[in-house]
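Just so it is clear, none of the values below were taken in a lab; they were calculated from the coordinates. Here the structure is a predicted model, which means the values were calculated and not measured. Cβ atoms come from the backbone with ideal geometry, glycine included; neighbour counts cover every protein chain shown.
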Amino acid sequence: MPQRILLTQLRRIGDVLMTTSAVAAVRQAYPDAHITYLTERPSLPVFKYSPDVNEVLVYPAGLLARAKLMWKLRARRFDLVVDFFGNPRSALMTWATGAPRRIGFSFPGRRHYYTDAMTLPEGVHYAGAHKAALLAPLGLRVDRPLPRLHLSAAERAFASRLLEELGVRPGELLVALSPVSRQKFRVWPLEHYARLADVLIERYSARILPLWGPGEAHFVDALRLHMRHHALPDYPIPELLNMAGLLERSHLLIGNDNGPRHMAMALGVPTVGVIGQSHPESWTPPGEAMHRAVSRDPGCKHSCTYPRCGLECILQVPYEAVEAETETLLEEILKDGHIR
């Protein structure tokens, strides 16, 4: 029975959220173990209130700092390491721990770093299910690998105060809109988001809550220019978990393939995602009717040549399909004209 466990996932917040159901399964299987999670600094808030990990370590920048971390991890004498990421950096770090049990993906050039190298199933599968599949050598199974995110009373109080200041009244339909992304192949045209927001205001009296982060205000500015009606006014950019508090109060999130969509899923908020370069199956949990994805494959997703392309995969996602999926979800959210 392992007593010291290290779990690793680098890169973005969405990638880390995809591991959270697997992390919960590890905690349930080993309730007395000391569980350490290694990730990069932007993802630290994901585990701020999590009961499933004891500590979170930051994967640093710079070769010297990473070498020091490697020695630190080895000194911890972990019994078990699970590398959910599987790139050369995390594979090497896993091997360097010297743990007697090291689990990771059987990617070329990296499988020898693990004692248990797992082969991915063929085809496209939900990312959360891929992460959970690494637990098979431990005899663990995750039947519903949805992301998880824990909030405190502070984030919920922040959301209540801000929404009251913005003029949102109890009982009003609140739709969060996340039209942002750092990647061009994930940005659906803002005029489409504006058109959809206007439709939701006209048909459902919805209050539209734009979401954005540092350096992303231009997305929302352009959105407002394209809208005929008014979204909720601007507000100071909240910290990540305060944004999650706003999401938790929303009845629906519509947005690009980005972190807020995965956060909404983790909080039980229905979503409509507009997917560009990625496969919708990779980032939309199967069998979950409250989470919808709309995409278009112009025939090049399996052999993407970005940036040497016209971004047809995202720019040509039809507006009508996104509106239809949104209205289908709203039929469930607004039972008999009332919010569920």
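Miscellaneous remarks
- Ordering T94, H130, V26 by the projection of their Cα atoms onto the charge dipole of the stretch 4-138, which places +1 on the Cβ of Lys and Arg and -1 on the Cβ of Asp and Glu, puts T94 at the extreme positive end.
- Per-peptide packing, taken as the mean over residues of other Cβ atoms within 10 Å, places 101-107, 91-97 in the sequence 91-97, 101-107 from highest down.
- Computed on the chain, with alpha-carbon pairs under 8 angstrom and 6+ residues apart, the relative contact order is 15 percent.
- Pairs from the list K68/K184; K48/K131; K72/K131; K131/K184 with a Cα-Cα gap above 31 Å: K68/K184.
- Residues whose amide H lies under 5 Å from that of V56, counting only those 5 or more places away or on a different chain, are Y37; hydrogens are built 1.01 Å from N in the peptide plane.
- Scanning residues 5 or more positions from R148 or on other chains, those with amide H under 5 Å from its amide H are T20, S21, with H placed 1.01 Å from N in the peptide plane.
- Peptides 244-252, 74-82 ordered by average Cβ neighbours within 10 Å, highest first: 244-252, 74-82
- Cβ-defined net charge surrounding T119, 13 Å radius [Lys, Arg +1; Asp, Glu -1]: 0
- Formal net charge of residues neighbouring S152 (Cβ-Cβ distance under 14 Å; K, R +1; D, E -1): -1
- Simple point charges give the picture: +1 on the Cβ of Lys and Arg, -1 on the Cβ of Asp and Glu, and for the stretch 1-128 a dipole about the Cα centre of about 520 debye.
- The stretch 154-220: trypsin sites (Lys or Arg not before Pro) in DSSP coil with no more than 15 other Cβ atoms inside 10 Å: R182
- Applying the Karplus relation 6.51 cos²θ - 1.76 cosθ + 1.60 with θ = phi - 60° to the stretch 39-54 yields 3J(HN,Hα) values of 8, 9, 3, x, 8, 3, x, 4, 10, 4, 10, 6, x, 8, 10, 8 Hz, where x marks Gly and Pro.
- Counting only DSSP beta bridges whose two residues both lie in the stretch 153-339, roughly 10 percent are antiparallel.
- Amide hydrogen neighbours beyond the local backbone of N256, cut-off 5 Å, H modeled: S178, V180, V274
- Antiparallel bridges, percent of DSSP beta bridges restricted to the chain (to nearest 5): 5 percent
- Unit charges on C-beta of K, R, D, E only; dipole of the stretch 94-195, Debye: 360 debye
- Only the Cβ atoms of Lys and Arg (+1) and of Asp and Glu (-1) were treated as charged; on that basis the dipole of the chain about its Cα centre amounts to roughly 1600 debye.
- Of the residues H302, H291, H34, the one with the fewest other Cβ atoms within 10 Å heads the list, and the complete ranking is H302, H34, H291.
- Take each peptide in 61-72, 121-132, count the other Cβ atoms within 10 Å of every residue, and average; sorted highest first, the result is 121-132, 61-72.
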